[in-house]
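Student: One structure follows; several queries about it will come next.
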Amino acid sequence: MKSKQFLVLLAAAVVLGGGGLMVLRSKKADYQASSGQMGGKVLGEIDVNAVAGIRLTQGTNALNIAKSGDGWSVKERGGYPANFGELADFVRKLADLKVAQPVRVGPSRLPMLELTKETATTVELLGADGKALKTLTVGKKHVKGGGAAEESSPFGGGAFPDGRYVMAGTDIASVAVVGDPLTGANPKAEDWIAKEFIKVELPVAVTVTRAEATNSFRLTRTNEFGDWALADAKAGEELDKNKAAGFSSILSGPSFNDVIIAPDLKALGLDQPVETVVQTAAGFTYKLRVGKASADDSYPVQVSVDASLAKERTPGKDEKPEEKTKLDKEFADKLAKQQEKLKAEQAFSKWTYSVSKWSIDAFLKNRGDLFADKKADAQPGAGAGAGAGAENPLKFELPGAK
């Protein structure tokens with residue numbers, strides 16, 4: 001080979017090699033740009049203080065949560081207060097969401113990852129003007145090994161998801177797996193409303209009034225630690241203390257499933273409800289109206305709260321000045337907490353709630369359900385030796401009898 005030809009071939013090799021390297025680098029750059037850097041934030045930087053609302057959309061379902069005065073409210077529940085703790089955690093999670101694994105895909109693979117408009121959940125962080133500051137498209141759950149979240153586990157139940165396929169907005173170049181299943185990314189209003197509810201402490205009287213007067217009852221006790229007694233007990237009515245014991249903790253930690261918007265009182269049975277009044281040792285009075293059961297065995301409930309609180313403390317005999325100062329402060333602090341509790345619980349009177357049966361089961365009892373079970377009457381021939389005496393009764397003869 002002539003030296004001139006060798007130099008030409010060498011130059012061509014350099015050009016081709018350089019071109020190949022440029023193509024490789026170009027592809028790598030495209031890959032990094034399209035898939036995002038591992039460990040990088042999916043949505044970039046987010047000013048969480050600028051977020052004034054959240055909109056979650058899945059198919060035709062939409063949920064809107066927005067700042068309302070000093071708090072947040074859920075539009076689809078008539079402006080009912082949102083669970084601020086859950087909301088704040090979710091926004092912070094989105095702000096810190098990082099790429100665990102970039103995923104390079106084409107448009108044809110988006111349905112498989114449930115990242116299409118029809119299958120994905122779209123999460124929008126909104127500014128004060130209602131415009132989206134950031135948008136995240138949330139797709140299929142990712143499980144260890146890459147399988148589907150609904151696949152069965154060898155230990156029983158479904159496989160546990162360890163992440164989620166996501167996309168920044170509609171940018172297919174940003175598809176990635178994140179190390180969080182983002183279970184909060186759903187447009188179910190009942191999952192976002194605040195679930196704090198009334199809390200009855202130390203009840204001393206319970207009155208249940210039903211449409212059938214014979215099924216109504218009233219229980220009282222002399223103090224918050226005493227046994228319950230049935231008021232106006234009739235002849236033959238014996239209260240079962242074990243059955244009545246449950247009223248000592250009634251509504252001590254109730255919860256509700258959802259808020260019923262624009263309730264139809266007749267359809268819900270609230271036009272002829274079971275009415276309950278609970279009075280406490282601290283002077284609180286709770287009134288509940290309970291409708292009829294729904295298909296899921298929950299009940300519509302309306303509640304109102306009032307209280308008669310002592311505003312002044314009666315000093316004890318021979319109280320010393322330092323004791324009086326201390327006791328006065330304790331009384332004032334307690335009164336302030338009671339007034340705060342009353343104000344918070346009175347706010348529940350504006351709504352109608354869907355409440356699980358277990359929270360109000362005691363109020364659904366009839367008067368007769370509280371009585372001691374009657375013992376079975378003694379059977380004829382049930383005395384000693386009766387077991388063998390039916391067919392071969394023992395015979396006794398008097399002395400000298402024949």
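FYI, it's all coordinate maths here, none of it is from the lab. Since we're looking at a predicted model, the values are computed, not measured. Note: ideal-geometry Cβ built from the backbone for every residue, glycine included; neighbour counts use all protein chains shown.
Student: When you count, for each residue, the other Cβ atoms within 10 Å and take the mean per peptide, how do 172-179, 205-212 rank with the highest first?
Tutor: In descending order of packing, they fall as 172-179, 205-212.
Student: Amide H neighbours of ASN257 under 5 Å, at least 5 residues apart or on other chains, H built in the peptide plane: list them.
Tutor: SER354, VAL355, SER356
Student: Here is a further query. If eta is 1.567 mPa s and T is 4 °C, what Stokes-Einstein diffusion coefficient results for the range 48-191, Kirkwood Rh from Cα pairs, in µm²/s?
Tutor: Roughly 81 µm²/s, to the nearest whole number.
Student: Once you put a point 7 Å from the Cα of GLU45 and another 7 Å from the Cα of LYS337, both along the Cβ direction, what distance in nm separates them?
Tutor: In this crude label model, GLU45 to LYS337 measures out at 4.5 nm.
Student: Here's something else I'd like to know. Add +1 for every Lys or Arg and -1 for every Asp or Glu among the other residues with Cβ under 10 Å from the Cβ of PRO203, and state the total.
Tutor: -1
Student: Quick one: which residues, 5+ away or cross-chain, put their amide H under 5 Å from the amide H of ASP162? H built at 1.01 Å from N.
Tutor: Here HIS142, VAL143, LYS144 satisfy the definition.
Student: What is the range 48-191's relative contact order, in percent, from Cα pairs under 8 angstrom and six or more apart in sequence?
Tutor: 26 percent
Student: Which log10 I(q)/I(0) values does the range 216-262 give at q = 0.20, 0.28 Å⁻¹ under the Debye formula, counting every alpha carbon as one identical point scatterer?
Tutor: Debye intensities relative to I(0), on a log10 scale: -0.74, -1.14.
Student: Mind ranking 240-253, 352-365 by how tightly packed they are, going by the mean number of other C-beta atoms within 10 angstrom, highest first?
Tutor: 352-365, 240-253
Student: On to the next question. In debye, nearest 20: dipole of the range 48-191 around its Cα centre with unit charges on the Cβ of K, R (+) and D, E (-)?
Tutor: 300 debye
Student: Can you pull the percent of Cα pairs in the range 186-281 with separation above 20 Å?
Tutor: Roughly 53 percent, rounded to a whole number.
Student: Here's another thing I want to ask about it. Scan around VAL74 for amide H atoms under 5 Å from its own, H built in the peptide plane at 1.01 Å from N, and keep only partners 5 or more places away or cross-chain.
Tutor: Here the answer is GLY79, TYR80, ALA82, since their amide H atoms fall under 5 Å of that of VAL74.
Student: Can you find, among TRP72, VAL103, GLY139, the residue sitting farthest towards the positive end of the charge dipole of the range 48-191, where Lys and Arg contribute +1 and Asp and Glu -1 at Cβ?
Tutor: Value computed over the given set: VAL103.
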